[in-house]
1. For region 52-140, which semi-axes, largest first and in whole Å, follow from the square roots of 5 times the eigenvalues of its Cα gyration tensor?
2. How high is the relative contact order of the chain, given as a whole-number percent (alpha carbon pairs under 8 Å, six or more residues apart)?
3. Heavy atoms only, probe 1.4 angstrom, no DNA, RNA or ligands counted: give me F84, F172 ranked by accessible area, highest first.
4. In the neighborhood of P202, defined by Cβ-to-Cβ distances under 14 Å, what is the net charge if each Lys or Arg adds +1 and each Asp or Glu adds -1?
5. Please give the calculated 222 nm ellipticity per residue for the chain, where each DSSP H segment of at least 4 residues contributes -39500 (n - 2.57) and the sum is spread over every residue; nearest 500 deg cm²/dmol?
6. Hey, any idea what % of the chain's accessible area is carbon plus sulfur with a 1.4 Å probe?
7. Relative contact order for region 108-236 using alpha-carbon pairs under 8 Å, separation at least 6, rounded to a whole percent?
8. Answer rounded, prolate or oblate for region 83-193, using the Cα gyration tensor with square roots of eigenvalues a ≥ b ≥ c: rounded when a/c is under 1.5, else prolate when a/b is larger than b/c, else oblate.
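The values are calculated or read from the model by the stated rules, or taken from the named source; none is laboratory data. What you see is a predicted model; the values in this text were computed from it and never measured. Note that we place each Cβ from the backbone using ideal geometry, even for glycine, and neighbour counts take in every protein chain shown. For accessibility, only protein heavy atoms count, side chains too; no ligands or nucleic acids. Shrake-Rupley method; radii C 1.70, N 1.55, O 1.52, S 1.80 Å.
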Amino acid sequence: MVLAAGRGERMRPLTDTTPKPMLTVRGQPLMQWPMQALARGGFSHQLINTAWLGEQIPAHFGDRAIWPGLPEVQINYSHEGQDFGQALETAGGIVRALPRLAEVFWVVAGDVFAPNFVFTAQAFQRFAASPALAHLWLVPNPAHNLGGDFGLSAEGLVLNLPKEAAGRDHTFSTIALYKKAFFADCGVPAGNPQGAALALAPLLRAAMDRGQVTGEVYAGDWTDVGTPERLALLNI
């Protein structure tokens, strides 16, 4: 699943007329980078959620994408804006799409640039065989998030540490593997028929406290394209 429903307030005025994941980075839409990386790893069935200016995304990609040297990608959509008039936040959007996702599935934000990240079948299979319900890729804290999001134990468990605690050295890259069971007790039924907005972070932190979230550090290039300045730096 590629997350592409957000408004991108901090990117205005660029996002007044273009969905944030469709902003151009190095000659192509930002969200096309993870879509192609998923296809390169053999994950050719992809689902995109939309809301703000969401009609532009299927207008560009259609229901299949063919890129040189990559498997053909079959694309489905979850049109949150069309169905409910608004984006459903990260977890709400995932739960909305859950009936159309596999038991184990990747999620990546369409507004994060990690051009060298490799989506591997080995990582997928290793997680599927583990008892964990979520597996996160973390990055060293960037300048805009020096306080970090989470810790990481020597055993590979992601830790829900208090703000300013020692060891909160990692920021969530948005790239993750989940099992459907992760969302079983979120309070919203699969398919999210009422269009409830639901944040992901509280669900992750609760699962971390239960020891159900594993993780690893990704040390490659990574940018949360959260401001026009960061976008401009990528296009120099």
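1. On the way: eigenvalues 117, 72, 39 Å².
They are 24, 19, 14 Å, listed largest first.
2. Working: 458 pairs, mean separation 58.3, N = 236.
This gives 25 percent for the chain.
3. Values: F84 60, F172 35 Å².
Most to least solvent-accessible, the answer reads F84, F172.
4. Details: positive: R205, R210; negative: E89, D149, D185, D209.
Residues near P202 contribute -2 overall.
5. Details: 7 runs with 53 residues, N = 236.
Calculated mean residue ellipticity at 222 nm is -6000 deg cm²/dmol.
6. Working: 5840 of 10850 Å².
Here it works out to 54 percent.
7. Details: 181 pairs, mean separation 50.1, N = 129.
Here the relative contact order equals 39 percent.
8. Values: a/c = 1.62, a/b = 1.37, b/c = 1.18.
Prolate.
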